[in-house]
Amino acid sequence: MNDAHSRGLLLFAHGARDPDWARPFEAVAQSVRAQRPGTPVALAYLEFMQPDMAQATAALVAAGCRRVEVLPLFLGAGGHVRKDLPQLLDGLRATHPGVHFELHPAVGELPTVVQAMAGAALSLLATKEANQP
């Protein structure tokens, strides 16, 4: 297995009781898979939904991943990202000692995402202004 295939992406979202809530997150995972067909991508949820972190990680390890990039799909780094996620990763490291886990900042804190959200807000304002008499 080459180095590109030994690296996987674990997207981590909160989860909700309403299955429709997951659609944007599933769309992110599908988009990454489509644009990086050789990279294993898993979407995991903290609660209410499946797969959880352990199940998603097991799938990545079974696909041959020895390095897992963990991207929290949260707008900010609240308690789940700062406290719960590191504890979950400690458990995964103990379960999969041959795998390196790299935790990245919450997606909402990345400059490109901040700019995209600002762009959406500006676009909304511009559309509203253009439609006013």
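Just so it is clear, none of the values below were taken in a lab; they were calculated from the coordinates. As the structure is a prediction and not an experimental result, all values here were calculated from the model. Methodologically, a virtual Cβ is constructed for each residue, glycine included, from the backbone with ideal geometry; neighbour enumeration extends over all protein chains shown.
Amide H of Val41 versus every other amide H placed in the peptide plane: which residues, excluding those fewer than 5 positions away on the same chain, fall under 5 Å?
Leu9
Can you tell me how region 1-65 classifies by the Cα gyration tensor, rounded, prolate or oblate, using a/c under 1.5 as the rounded cut? Mind showing how you got there, number by number?
Working: a/c = 3.66, a/b = 1.63, b/c = 2.24.
In terms of gyration-tensor shape, oblate.
Which order do Val28, Val41 fall in if you start with the one that has the fewest other Cβ atoms within 10 Å?
On the way: Val28 17, Val41 24.
Lowest count first: Val28, Val41.
Cβ under 15 Å from Leu89's Cβ, Leu89 left aside: what net charge do those residues give with Lys, Arg +1 and Asp, Glu -1?
On the way: positive: Arg67, Arg82, Lys83, Arg93; negative: Asp52, Glu69, Asp84, Asp90, Glu102.
Spelling it out: positives minus negatives among the neighbours equals -1.
What residue among Ala121, Ala94, Ala42 shows peak mean-square fluctuation when the chain is described by a Gaussian network model with Cα springs under 10 Å?
Maximum fluctuation in the GNM of the chain, among the listed residues, is at Ala121.
Quick one: helix 53-62 against the long Cα principal axis of the chain, what's the angle to the nearest 10°, folded into 0 to 90?
Approximately 60 degrees, to the nearest ten.
Rounded to the nearest 10 degrees, what's the angle between the helix 23-35 long axis and the longest principal axis of the chain, both from Cα atoms, 0 to 90?
70
So how long is each side of region 3-107 along the principal axes, counting just the alpha-carbon atoms, biggest first, in Å?
36, 30, 22
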